[in-house]
Amino acid sequence: MFKPTIHQLHPYTPEKPLAVLKEELGLPQLVRMSANENPFGTSVKVQQAVTNWNFTQSRDYPDGYASQLRTAVAKHLDVAAEQLVFGNGLDEVIALIARTFLSPGDEVIEPWPTFSEYRLHAQIEGATVIDVPVTETGNFDLSAMAQALTAKTKLIWVCNPNNPTGTLLSIATLTEWLRQIPKDVLVLMDEAYIEFTDDYPATSAISLLSKFPNLVVLRTFSKIYGLANFRVGFGVFPKQLVNYLQTVRLPYNLSSIAQVSAQAALADQDFVAMTRKRVQQARDSWERFLTQTGLPHTRSQTNFQFFQAPKMQASALKKRLLQQGFLVRDGLKPGWLRVTFGTEVQNTAVQRIIETFQAELTGPNALK
Ligand SMILES: *Cc1c(COP(=O)(O)O)cnc(C)c1O
């Protein structure tokens, strides 16, 4: 009845709604630090834009070309407006790419661990996913990724900075590497977290688009713009590929509210700068903490940190944190947890809990 490729797959299990989980655990407070959302919320300009939106337009279909948002994004990134393809979240653009370019038997190369949607959508299309483990430092093994190329390779996913390791590859390194990739293999650079990096915008591959005709840069409004609920992401594609994607894309995939809020969010670069600054401070505090406690971790350039739990006890630590009102992410690599940065107070609280947990496991009174 269904496509054979679906047979082995499982639906994404979203976390329980925060309110439900809080109720179940009887917690007075529960902070989600598991989904890489913006701890500082959303620009107030977005609220104004949504409130001012003309409700009588509810019965009209939205602008299927997202014209105003398109013009604003193109100007902001200094790319051509017709290079942009918008999605209902970047997730939808990822699905769209798989649906447009992959046939059964094709091969897709990705690092491991990385964002899980690349694999899922490749598998739905019947493609084979080649996982190339990241190095000890959490960075991509670029030469191994190039060596994994075969005549069947269609796509290479490069999440930069990578989720969940948080590590960033330099533009110089990427440029060198891109030279080795055949021009008929599409390289997808997922820059969901790029605005959090210290040297942004110099860290972005947008500047490489004119040099490499097989390069695509992907962005989202869900992370630094704090707009995850409204579902807006986009890709900057080589012009000659845009029509294929636009053919496959659903005609009205972005509601007007989504378009209006993304445009308002983009216009408020002060909010973005404030978020970046506070995230950088959080990053410093987490780096110091993990160095002091000696817990293995990767070098983050994002709004989250990936680290090894004391004695690899990731699920026990996750449980402890949950009991004390903090939800973090496990299941990405055995023994490791990913924590999204919170406010200063939240970060300190989580760090204290980890310290206590570590002391119980390894201190002089540790149970043998
Ligand atoms: C969050 C995330 C996305 C998806 O973002 P949405 O726009 O909310 O769908 C894509 N890629 C990576 C690496 C992410 O972490």
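Coordinate-derived values only; no laboratory data. Computed from a predicted structure; not experimentally measured. Every residue, glycine among them, receives a Cβ derived from its backbone with ideal geometry; neighbour counts consider all protein chains shown.
Listed values for segment 304-321 are Karplus-derived 3J(HN,Hα) couplings in whole Hz (6.51 cos²θ - 1.76 cosθ + 1.60, θ = phi - 60°), namely 8, 9, 10, 8, 8, 5, x, 6, 6, 7, 5, 6, 5, 5, 4, 5, 4, 5, and x replaces Gly and Pro. Pairs exceeding a 25 Å alpha-carbon distance, out of Lys311/Lys333; Lys16/Lys319; Lys75/Lys154; Lys22/Lys277: Lys75/Lys154; Lys22/Lys277.
Extension gain, Asp270 to Gln180, is 28.5 nm, computed as 0.36 nm per intervening residue step minus the present C-alpha separation.
Helix 90-101 sits at what angle to the longest principal axis of the chain, using alpha carbons and giving 0 to 90 degrees rounded to 10? With rounding to tens, the tilt is 50 degrees.
Could you list Tyr61, Tyr200 so that the one with the fewest beta carbons within 10 Å of its beta carbon is first and the one with the most is last?
Listing Tyr61, Tyr200 from fewest to most nearby Cβ atoms yields Tyr61, Tyr200.
For the chain, adding -39500 (n - 2.57) for each run of n ≥ 4 DSSP H residues and dividing by the number of residues yields -11500 deg cm²/dmol at 222 nm. Of all beta bridges that DSSP places with both ends in the chain, some 45 percent have antiparallel geometry. Amide H to amide H, with H built 1.01 Å from N, Phe304 comes under 5 Å of Phe341, counting only residues 5 or more places away or on other chains. Neighbour counts of other Cβ atoms within 10 Å put Arg352, Arg276 in the fewest-to-most order Arg352, Arg276. In loop segments of segment 85-140 as defined by DSSP, the GluC sites (Glu not before Pro) with at most 14 further C-beta atoms inside 10 Å of their C-beta are Glu136.
Both radii come from the Cα set of segment 44-268: Rg as radius of gyration, Rh as Kirkwood radius; their ratio Rg/Rh reads 0.97. Using only the alpha-carbon atoms, how far is helix 239-248 inclined from the longest principal axis of the chain? Give it as 0 to 90 degrees, nearest 10. Its long axis makes an angle of about 80 degrees. Straight-distance candidates among the aspartates and glutamates for linking to Lys211, with alpha-carbon spacing under 20 Å and chain neighbours fewer than 8 residues away dropped: Asp78, Glu82, Glu176, Asp184, Asp190, Glu191. Taking the number of Cβ atoms within 10 Å of each Cβ as an exposure proxy, the fewest-first ranking of Tyr12, Tyr252, Tyr193 is Tyr12, Tyr252, Tyr193.
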